[in-house]
Amino acid sequence: VDLLEQGPALLFPPGFLWGAATAAYQIEGAATEGGRTASIWDTFSHTDGRTVSAHTGDVACDHYHRMPADVRLMAELGLRSYRFSISWPRVQPGGSGPANPEGLDFYRRLVDELLAHGIEPWVTLYHWDLPQELEDAGGWPARDTASRFADYATLVHDALGDRVRYWTTLNEPWCSAFLGYGSGAHAPGRSAGIEAVRAGHHLMLGHGLATQALRAGRHAAEVGVTLNLYPVTPASDSPGDADAARRIDGLANRFFLDPILRGRYPADLVADLGPVSDFGHVREGDLATISTPLDLVGVNYYSRHVVAAPIEGAAPEKYWRAPSCWPGSESVRFVTRGVPVTDMDWEIDAPGLVETLRRVHEEYTDLPLYVTENGSAFVDTVVDGRVHDPDRLAYFDAHLRAAHEAIGAGVPLRGYFAWSLMDNFEWAWGYTKRFGMVYVDYDSQLRIPKSSARWYAEVIRRNGLAAQ
Ligand code: PNW
């Protein structure tokens, strides 16, 4: 079956980096093997009531044991790049001190397999699995965690830097700070706005210090960070709704974009957060470190936030009910528009990807941009050994058209990573949400490429889509 209609092609620039992404805790399993110690996600997922059906990443996709076959699958799908994260407690148990050679060896073998199949490795240093010992010492709200992260970055870069060109420090620091320490929906499950604000700062400080460490390292590296960005739209043109949008844009986007790419916190955000934090944790020189020049910026895009002014006495909407992940702006209302949603209940909004990429380029930076994650969860069913997922395929198609449009508008977009290569542990949702292009049967660990994966392989082969 020809999954792409014939016709004139919507081509991407030559050399466009087509890939798929995963994260260590979501796929590896082998949580206690090879000298790995616990991360905050082990502790969190093993705590009653934290994840759906008490699911944990103990086994996940068993990728730790199935890595060579998984790389062969990537090669079959024609991936040009694979974005994965390093498990900090696997390579530096406890989060400080010497490397664990057995842990590093797993990633050396992974990188070797990828290169042997012509797949460019793309390393994320931190995708949320802080060693539990560092959490016990204060976690990201504690300043010292930033220095520990830079040491860890050096250790990984020493081991893999001869073969890995692309490095990103943090994945989605908004989630680490505001879901981990604000709402408590993510590990470590603490909920205090003041801690979330401190965590966000120290995550960015760790990013800056790690960037400097990678630059000072023995090997050349292209260094960036991955942010999850959202267009934030007011529900109406009322001044109250405009103020709600300004506030949520501040917390979701500008809290990270402005320090990292402009070297300062936005004044209005600092004012909004006044009741929560006096920013006394920010020291002289921090913002210079945080804004250490980068080589690229990664954008994770899923959906748009549509917001409205608070209504007196009304409860906050969406699944971030109390405690809120929006400190200081808890009563802003998140509005649903009734447009189609994914299985996460996230509204499908491909034009938002064009807006987001254009904004980063036009307001913040000329650096090369990469979509480091984009994808959707839908309920999948296996029929006669096959998984037909037209909704996911349509989501990818719409967002790739948006990516193409952004390039046409002048955005230096250099690559796109589908989230995710395969179904995996979707954090607080456990295994109940499937984002994969490849279906995973968690009983047999059988992998079944869904029709979206076959379609994506054809997109990569043609370096584009059929015109519509
Ligand atoms: C991202 N939110 O997580 C992560 O980078 C992935 O590990 C994850 O699997 C993927 O997106 C799908 O969720 C997010 O509540 C989790 O706004 C939560 C939110 C955003 C991103």
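When segment 262-292 is limited to residues that are under 15 Å from L203 (Cα atoms) and aliphatic (A, V, I, L, M), the one that is surrounded by the most Cβ atoms within 10 Å (Cβ to Cβ) turns out to be I290.
Yes/no per residue for (1) away from the ligand (no atom under 16 Å from the Cβ); (2) of a type in the set (D, E, K, R); (3) touching a Phe, Trp or Tyr at 6+ places or on another chain (Cβ under 6 Å); (4) under 21 Å from D345 (Cα atoms):
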| site | (1), (2), (3), (4) |
| --- | --- |
| G385 | yes, no, no, no |
| A418 | no, no, no, yes |
| G430 | no, no, no, yes |
| K433 | no, yes, no, yes |
| G436 | no, no, no, yes |
| D441 | yes, yes, no, no |
| S444 | yes, no, no, no |
| Q468 | yes, no, no, no |
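So, in segment 124-144, of the ones that are part of a helix (DSSP H, G or I) and surrounded by fewer than 23 Cβ atoms within 10 Å (Cβ to Cβ), which residue ends up nearest to the ligand (Cβ to nearest atom)? Filtering first and then ranking leaves Q132.
Yes/no per residue for (1) of a type outside the set (F, W, Y); (2) at pLDDT 95 or above; (3) in a helix (DSSP H, G or I):
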residue	(1), (2), (3)
W174	no, yes, yes
G180	yes, yes, yes
A187	yes, yes, no
R190	yes, yes, no
E195	yes, yes, yes
R198	yes, yes, yes
G206	yes, yes, yes
L209	yes, yes, yes
A213	yes, yes, yes
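Hey, among the residues in segment 293-336 that are surrounded by fewer than 18 Cβ atoms within 10 Å (Cβ to Cβ) and among the β-branched types (V, I, T), which one's modelled with the lowest pLDDT? It comes out as I311. Counting only strands (runs of 3 or more DSSP E) that sit completely within segment 410-468, those holding 2 or more residues that are within 24 Å of the chain's Cα centre (by Cα) and within 15 Å of F396 (Cβ to Cβ) correspond to 413-419. Return yes when A216 is buried (at least 22 other Cβ atoms within 10 Å of the Cβ) and more than 22 Å from the chain's Cα centre (by Cα) and no when it is not. It is false that A216 is buried (at least 22 other Cβ atoms within 10 Å of the Cβ) and more than 22 Å from the chain's Cα centre (by Cα). Scan segment 243-257 for residues that are within 13 Å of H201 (Cα to Cα) and in contact (Cβ under 8 Å) with a residue 40 or more places away in the chain and the total you get is 4. Considering the conditions (1) closer than 30 Å to Y364 by Cβ; (2) within 16 Å of the ligand (Cβ to nearest atom), G410 is excluded by exactly one of them, (2).
T372 fulfils the conditions (1) closer than 22 Å to L257 by Cα; (2) part of a helix (DSSP H, G or I); (3) within 13 Å of the ligand (Cβ to nearest atom) except for a single criterion, (2).
Counting only helices (runs of 4 or more DSSP H) that sit completely within segment 221-292, those holding 1 or more residues that are touching a strand residue (DSSP E or B) at 6+ places or on another chain (Cβ under 8 Å) and away from the ligand (no atom under 16 Å from the Cβ) correspond to 239-249, 255-262.
Considering only residues in segment 169-188 that are among the polar types (S, T, N, Q) and out of contact with any Leu (no Cβ under 7 Å at 6 or more places or on another chain), the one that is surrounded by the most Cβ atoms within 10 Å (Cβ to Cβ) turns out to be N171.
State all residues of segment 446-468 that are modelled with pLDDT under 95 and of a type in the set (A, V, I, L, M); if no residue qualifies, say none.
Correct list: A466, A467.
Name every residue in segment 171-198 that is within 11 Å of the ligand (Cβ to nearest atom) and of a type in the set (D, E, K, R), in order of residue number. Answer for segment 171-198, where residues must be within 11 Å of the ligand (Cβ to nearest atom) and of a type in the set (D, E, K, R): just E172.
The values are calculated or read from the model by the stated rules, or taken from the named source; none is laboratory data. What you see is a predicted model; the values in this text were computed from it and never measured. Every residue, glycine among them, receives a Cβ derived from its backbone with ideal geometry; neighbour counts consider all protein chains shown.
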